[in-house]
There are 2 protein chains.
Amino acid sequence: MNRVSIHFLPDDVKIEVPYGTLLLDAALEAGVFIRAACGGSGACGQCKVRVVKGSVEALMEEKVHAAARAAGYVLACQTRAISDVTIEIPLAKVGRKVIPRDEAERMRLTARPMESPIVPEPDPMTIRVFMHPPAPATHDNVSDDERLMRTLKVEHEIYPVAAGLDVLKQLPHEARKEDWEFTAYLEVETCHDTHNPWYRLTRVQAGHPSYPSMALAVDIGTTSLWGELVNVDTGEVKARASRYNPQISMGDDVISRIVYALKKDGLERLQTQVVKGINEIVEECLQKSKLPVDCITYMVAAGNTVMTHLFLGLYPKYLREWPYVPAAHNVAPVPASVLGLNLPPQTHVRVFPGVASYVGGDIVSGVLANGMWQDEEMTLFIDIGTNGEIVAGNKDLLMTASCSAGPAFEGGGLEFGMRAAPGAIEGILIDPETFEPMIRTIDSKPALGICGSGIINIISQMLKIGILNQNGKYASDAKTPRIREGRSGLEYVICWAKESGLNQDIVLTEVDLDNILRAKAAMFSGYTCLLDKIGLTVDALDRVIIAGAFGSFINLDHAVTIGLLPDIPREKFLFIGNSSLKGARLACIDRKLYQKSREIAHAMTNVELSEDPTYMDNFMAALFLPHTKVELFPSVQLGQ
Amino acid sequence: MNRVSIHFLPDDVKIEVPYGTLLLDAALEAGVFIRAACGGSGACGQCKVRVVKGSVEALMEEKVHAAARAAGYVLACQTRAISDVTIEIPLAKVGRKVIPRDEAERMRLTARPMESPIVPEPDPMTIRVFMHPPAPATHDNVSDDERLMRTLKVEHEIYPVAAGLDVLKQLPHEARKEDWEFTAYLEVETCHDTHNPWYRLTRVQAGHPSYPSMALAVDIGTTSLWGELVNVDTGEVKARASRYNPQISMGDDVISRIVYALKKDGLERLQTQVVKGINEIVEECLQKSKLPVDCITYMVAAGNTVMTHLFLGLYPKYLREWPYVPAAHNVAPVPASVLGLNLPPQTHVRVFPGVASYVGGDIVSGVLANGMWQDEEMTLFIDIGTNGEIVAGNKDLLMTASCSAGPAFEGGGLEFGMRAAPGAIEGILIDPETFEPMIRTIDSKPALGICGSGIINIISQMLKIGILNQNGKYASDAKTPRIREGRSGLEYVICWAKESGLNQDIVLTEVDLDNILRAKAAMFSGYTCLLDKIGLTVDALDRVIIAGAFGSFINLDHAVTIGLLPDIPREKFLFIGNSSLKGARLACIDRKLYQKSREIAHAMTNVELSEDPTYMDNFMAALFLPHTKVELFPSVQLGQ
Ligand code: FES
Ligand code: FES
């Protein structure tokens, strides 16, 4: 894609961005402050800038007077750069302070986005075979199942094949509907000894299929569900969808879900809820891809151990009682109908195996996708989801632990926290002089709340400009109406009600800050403890791979500033996004990778941090921004 | 068992019988006529005989006057021989004619009873393993399923093991109920390539099982259901039960059942009915054996192809339409709960594979049991059930056909026909002078009808004494009130209403006779046609094995006389009884024999007799007693 250069004045900052980037996004990335109170939705009219040179394309002009328009003014959030441009930010704004160059530079540093290095060879779990055997005749009147088996063997070299009652009940009908032209669906199994394949007939359908064979990859998160519809023969993702896990109404985190599950009918209700959410995802994916539900031949799901238990209806009680024992990690494929999924009845659902009560199939799936199981490089893999799981090691050794970080970085447990969905405040820049925020929401929707990466950004900046102290408390003497007394102590108003998509001010309270402090302390002490077990410090790491359902990026400098990520060279950080979903997709495309995931799960050694006396000491020491031991974060300069 | 000798006067016939045999049964076997109108139930008082010498034990004496008792008179049907005895049959009876010696001798000839020559090595389909792994601890907190797998592998060398969701849902509960003492049920599967075993966990149960592991062997007949509860480790049969197939109310024969199945909800209703019958058998077996239902670990069923389809709910339409194609022969194990069986939910049901639309799993099971698949001897195997299936061959070749004989020999389609159950007239001897019958019922119950062996006996005797001609019509000039004009032509009264267990006369009509004639003609032309395909005649046979749910025996001379069995040396005949049930029992004990049955089914070549032009000619020629070609039955002498 063509790139264009944007030169911001008076800051004199230049940035290269893709052709067509909105000026507001370019400014945010460059660390150049522009007033933007409505999240970029075009509603507040505050983000006016003047185009000094170059070509732009304005999407909406109503908020700019004709005279101003004539003078080159545009809304930064509604204007795309379509050539190299020079932009002037009005000096009219009181006390606007230019952010120092080096700092702005650092603020642009995000972890390099990383795709999975694993290249699947398309090898579906269920194959589809079009058949047209000769019709029965006097001297060839074998049973329908034998006719099918014979054709598979002779014409396709597919044997041996086992068939269950459900599909055999359908066979006489489907075979004759289109005069012995039909499609057989065969699940590929592997002989334990020889690894030769054998097959299980799971579906027969009249005629030639007019659509590709698809699989559904699902990430069952505590907070969110993510699904992808994948073409099993090409690996192409045809549609994606996500939504909150409907279980949220039964508890924010895994512990409260387990508590709910142990109530009368609780497990059943939780199971029904998550299946409802997945069914909605299926429906959305089918609508988007314009494919019929029949196209789905199997599903692979990855989730943490609690989510996997609740999805399958496995008894979760012993997950949270010492010594934290899961009911099962290795579940044979489950028919979709048994789970209540709206998929073709014999569609089999496989889940990723877990490692321990709090290191589940989502982490195994993530490790499968991030490739650390096959690489030499010493890797730290951090999934900043609801639990905060970490894996350290390489192809020779994989150690894992869970930090009980809680859902703060997924927006859980915060007054206005939300997941990275349209309307979530994701990008934020605070004017160091006026303490006014410049906010950018996902999909330019009026702000509804703040998501994980937004939270990291705002805390880091508040810390740097001194309106937040290192204990996570607001400076009560800050001269801004944005910091005020709220219902539970001081709070900072990120977005006023009138500029938001809500009827109330969006705030960040000190209770929220405390939650985040605990979450980041849990993560930090978790991975330092785990590395300690291997005899390493963070400096020995070749790379840190960050996973999580954040927004589009996590700002490294901000994440280091709050003490969430270790203070090591920034080029070592990679961001893989939702690696659990990526691993599920890989398994959908290549059944050998699903097999591999079982080996990975087996190879991973779990460390129970709660049993480790040093963990709690580490945790207490990390309840400070960035840390009580300042020497651990040499690059963090908190200028006042 | 001790045997005693019984000497009948004035006939001067001697017979050896087991100690304690009833005098009436001895007379019947000896071909000595005693008046016995009530079937041996002690009700008619007509069977009085005088004990001349020796010791007897009288079970009931009311019907004999004190004076007569003092003179040595007893009821033959209520008196056991407990030493060698001499018995005098009163001459008072009008016109009693002594049956010629050689004929009486021949009448005693039954096929030698045959047990299955196959000796199973106990090798159950599902094994039960008692386990007591260490309880979870801090440094041993693997999941419950992994703890189970590990124990199975390390302590029992059982691996690999797959486990489905159902059983894994139970595992946490059952494992902890008795403090990690529990029993695992593992279905043994075999690798297709190496034949090494692998296992499927099907049940877990707290504690040590306090009862043996049992399997249920079931024969699903068109007319009757038979079940046996078998100890899978010893092969011992702990209980047996049988009853009519409740589907009978939806049609006597397989064709009418198929017709019913194609009506709305018909298939579902038929399936429900047969399952109801099997559930009753299960209950009866459990009551008899005083075992809990939990003892049942699996079930093996054998039935003809139509019965198997209706039991499983497979669509039967194409079974009866040219070219007669079954839906499926090879069905993977079906969970009992899917079929509605009242067995533990994950109890798997296996059915015997069939060969063709009218040669089903019952015949394959019968062949497995009779051993002809492993023997050199050229064998004809005849199952005189509802369909009349035949198999000819030996270990090198197995050919099979079905004769559509209909249910006449199971009592179906006859006015007073019934299966071999209590109250069925089984033994019958007709006084050649008076044409009065001496009847013996099963279990000495008042007569309710006549069963297959009774029918063969009565027709043969009526033919010999000339009250029935070779076209199967009664001699209208016979001087006996027993032959009379009935609702549908002439009929013979076998038992008067007052002596029966019914409120009406039990008769055999000419319509009944026609049914039987057609049934025996179908059988005869069937096996001669089939042998012809192999290039053999009946004389080349080394043995004829007769199966069928007859009474305790089939009288060879009578069966040859009516032209049902071939007229070959009588020592070549063997009677195996319900070989379908026997085969199912063998499979229950030794899973390798179930595997063998699949090979047998595969090796059997089916001949569609209806497609064979010579079959119909043969059939027409056989519609005569014994046959239009008298030279085919040289030993049959019809004295008038
Ligand atoms: S109008 Fe552009 S940010 Fe509000
Ligand atoms: S009383 Fe003995 S047969 Fe009737």
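Tabulated values for the structure
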read-out: Residue check for B:V4: more than 16 Å from ligand 1 (Cβ to nearest atom), within 25 Å of the chain's Cα centre (by Cα) and not in a loop (DSSP other than H, G, I, E, B); value: no
read-out: Criterion violated by A:S242 - all others in (1) open to solvent by less than 40 Å² (accessible area, probe 1.4 Å); (2) at pLDDT 95 or above satisfied; value: (2)
read-out: Candidate set: the stretch B:525-539, residues that are assigned to a helix (DSSP H, G or I) and of a type in the set (A, V, I, L, M); chosen: the one surrounded by the fewest Cβ atoms within 10 Å (Cβ to Cβ); value: B:I534
read-out: Which numbered condition A:T605 fails, given (1) within 25 Å of the chain's Cα centre (by Cα); (2) in a helix (DSSP H, G or I); value: (2)
read-out: Strands (runs of 3 or more DSSP E) enclosed by the stretch A:35-92 - at least 3 residues per element that are under 13 Å from A:L23 (Cβ atoms) and either at pLDDT below 90 or open to solvent by 60 Å² or more (accessible area, probe 1.4 Å) (or both); value: A:48-53
read-out: Some residue of the stretch A:171-184 being facing another protein chain (nearest Cβ under 8 Å), assigned to a strand (DSSP E or B) and under 28 Å from B:A327 (Cα atoms); value: no
read-out: Residues (touching a residue at least 24 places away in the same chain (Cβ under 8 Å), of a type outside the set (S, T, Y) and more than 21 Å from B:P345 (Cα to Cα)) located in the stretch B:156-175; value: B:H156, B:I158, B:P160
read-out: Any hit, the stretch B:9-30, residues being within 16 Å of ligand 2 (Cβ to nearest atom), over 31 Å from the mean Cα position of the chain (by Cα), at pLDDT 85 or above and not in a strand (DSSP E or B); value: no
read-out: Subset of the stretch A:420-446 (residues that are among the β-branched types (V, I, T) and open to solvent by less than 10 Å² (accessible area, probe 1.4 Å)); value: A:I425, A:I428, A:I430, A:I439, A:T441
read-out: Only listed residue being under 22 Å from the mean Cα position of the chain (by Cα) and open to solvent by 20 Å² or more (accessible area, probe 1.4 Å), chosen from B:G449, B:G413; value: B:G413
read-out: Any hit, the stretch A:174-190, residues being open to solvent by less than 50 Å² (accessible area, probe 1.4 Å) and in contact with a Cys (Cβ under 9 Å, 6 or more places away or on another chain); value: no
read-out: Residues that are part of a helix (DSSP H, G or I) and modelled with pLDDT under 95, drawn from the stretch B:540-566; value: B:L556, B:D557, B:H558, B:A559, B:V560, B:T561
read-out: Pick from the stretch B:141-154, criterion of a type in the set (S, T, N, Q) and within 9 Å of chain A (Cβ to nearest Cβ), ranking: surrounded by the most Cβ atoms within 10 Å (Cβ to Cβ); value: B:S143
read-out: Complete set of residues in the stretch A:613-640 that are touching a Cys at 6+ places or on another chain (Cβ under 9 Å) and buried (at least 18 other Cβ atoms within 10 Å of the Cβ); value: A:Y615, A:N618, A:F619
read-out: Qualifying residue in the stretch A:155-169 (condition: surrounded by fewer than 21 Cβ atoms within 10 Å (Cβ to Cβ), at positive phi, not in a strand (DSSP E or B) and not hydroxyl-bearing (S, T, Y)); value: yes
read-out: Breaking point among (1) at pLDDT below 95; (2) in contact with a strand residue (DSSP E or B) (Cβ under 8 Å, 6 or more places away or on another chain); (3) within 9 Å of chain A (Cβ to nearest Cβ), for B:T190; value: (3)
read-out: Checking A:A522 against (1) closer than 15 Å to A:L625 by Cβ; (2) open to solvent by 10 Å² or more (accessible area, probe 1.4 Å); (3) out of contact with any strand residue (DSSP E or B) (no Cβ under 8 Å at 6 or more places or on another chain), the condition it does not meet; value: (2)
read-out: Filtered residues of the stretch A:1-18 (kept if surrounded by fewer than 21 Cβ atoms within 10 Å (Cβ to Cβ) and within 24 Å of A:K63 (Cα to Cα)); value: A:H7, A:L9, A:P10
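Yes/no per residue for (1) closer than 20 Å to A:P333 by Cα; (2) in contact with a helix residue (DSSP H, G or I) (Cβ under 9 Å, 6 or more places away or on another chain):
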site: A:E121; (1), (2): no, yes
site: A:P124; (1), (2): yes, yes
site: A:P136; (1), (2): no, yes
site: A:D145; (1), (2): no, yes
site: A:E157; (1), (2): no, no
site: A:K177; (1), (2): no, no
site: A:W198; (1), (2): yes, no
site: A:L201; (1), (2): yes, yes
site: A:H208; (1), (2): no, no
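The values are calculated or read from the model by the stated rules, or taken from the named source; none is laboratory data. The structure presented is a predicted model; accordingly, all values stated were derived computationally and were not measured. For neighbour counting, all protein chains shown are included, and Cβ atoms are generated from backbone atoms with ideal geometry for every residue, glycine included. When the accessible area is computed, the model is the full protein with side chains, heavy atoms only, and any ligands, DNA or RNA have been set aside. Shrake-Rupley method; radii C 1.70, N 1.55, O 1.52, S 1.80 Å.
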